[in-house]
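Have a look at the structure below before the remarks.
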Amino acid sequence: GVLGRGPDGVPRITWHIAKPESEGGSVGFTVKVKSDYGIRRLGDRNFILKVHGEVKAGSTVGSLDYETKLAGQTDVSSRGYFRDASSGIVNKGVMPPKVGNLTEYTMHWKLVNYATDVRGVTVRAKVPQGVTFTGSVKSNVDGKPVYDSATREVVWRLDRVSATTGLIGTAPEAVFQVSSVPTMDMRGKNAPLLGVTDLSAIDDFTGIVIHSSAPEVTTALPDDMTVAGQGIVQ
């Protein structure tokens, strides 16, 4: 096979058989695709990769077209704050945290969706022992986080998220408050506030299930510049 480009500039692989009646066979090849397909406008969605093949024998021409859909991606971030009045939820308590003392924190979940519409979005994370979901919640979309006491999980469900949401336009965001009372075994450490956040959704374009995650949140609170580095339990 010979690798080159056609007159339209599209990469082309050519395979010539001098005597097809006696030299039949097959050829295999792999194609490396881009690691990122840039999204700059609303119409940048539902990407399809196409391969066009032709075979010529004298005046006879046969062809085959193959298409494969690119699955989308939905990312979730999980961040914690102590001073967070702009969210509309005021946190009370001591900082740095102290053994036996209650401190409240706000958790922020934010979504970024890429090249496909998704549905049945579910975001969830476990609440560690010693941490309580207070019931104070905010959201800039219809669905708000709820607490499942049976599984100790905070769960946020959204029916649909359109392609490019969060890249172009406002990102869906949910805020909920938790309270923590550190125990003696947490002294000298950053106390856990929220477990690993898991997201699952159905990609409308390909029909597959998308998964992503965000790390656990502790009292280290690197996103709250007013208290970053003060999270060691006293």
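The values are calculated or read from the model by the stated rules, or taken from the named source; none is laboratory data. Just so it is clear, the model here is predicted, and its values are computed rather than measured. Cβ placement follows ideal geometry from the backbone for every residue including glycine, while neighbour counts extend to all protein chains displayed. We work out accessible area using only protein heavy atoms, side chains counted, and drop any ligands, DNA or RNA first. Shrake-Rupley method; radii C 1.70, N 1.55, O 1.52, S 1.80 Å.
For the reader, a short list of remarks on this structure follows.
- Filter result for Gly53 (assigned to a strand (DSSP E or B) and more than 33 Å from the chain's Cα centre (by Cα)): yes
- All positions within the range 111-165 that are farther than 21 Å from His211 by Cβ and among the polar types (S, T, N, Q): Gln129, Thr132, Thr134, Ser136, Ser139, Asn140, Ser149
- Within the range 185-209, the set of residues being within 13 Å of Leu111 (Cα to Cα) and open to solvent by less than 10 Å² (accessible area, probe 1.4 Å) comprises Thr197, Leu199, Ala201.
- Some residue of the range 142-155 being in a strand (DSSP E or B), surrounded by 17 or more Cβ atoms within 10 Å (Cβ to Cβ) and touching a residue at least 40 places away in the same chain (Cβ under 8 Å): yes
- Scanning the range 162-174 for residues being open to solvent by less than 10 Å² (accessible area, probe 1.4 Å) and part of a strand (DSSP E or B) gives a total of 1.
- Subset of the range 210-224 [in a strand (DSSP E or B) and either open to solvent by 30 Å² or more (accessible area, probe 1.4 Å) or not polar (S, T, N, Q) (or both)]: Ile210, His211, Ser213, Ala214, Val217, Thr218
- Restricting the first member to the range 70-91 and to residues that are farther than 21 Å from Thr165 by Cα, and the second to residues that are open to solvent by 50 Å² or more (accessible area, probe 1.4 Å), the beta-carbon pairs closer than 6 Å and six or more apart or on different chains are Arg83/Thr226; Gly88/Lys138.
- Considering only residues in the range 1-46 that are open to solvent by 100 Å² or more (accessible area, probe 1.4 Å) and among the hydroxyl-bearing types (Ser, Thr, Tyr), the one that is modelled with the lowest pLDDT turns out to be Ser35.
- Selection count, the range 57-81, where residues are part of a strand (DSSP E or B), surrounded by fewer than 10 Cβ atoms within 10 Å (Cβ to Cβ) and not acidic (Asp, Glu): 6
- Residue within the range 183-190 that is on the phi > 0 side of the Ramachandran plot, in contact with a Phe, Trp or Tyr (Cβ under 9 Å, 6 or more places away or on another chain) and not β-branched (Val, Ile, Thr) present: no
- In the range 82-131, residue least open to solvent (accessible area, probe 1.4 Å) [restricted to those that are at pLDDT below 95, of a type in the set (S, T, N, Q) and assigned to a loop (DSSP other than H, G, I, E, B)]: Thr116
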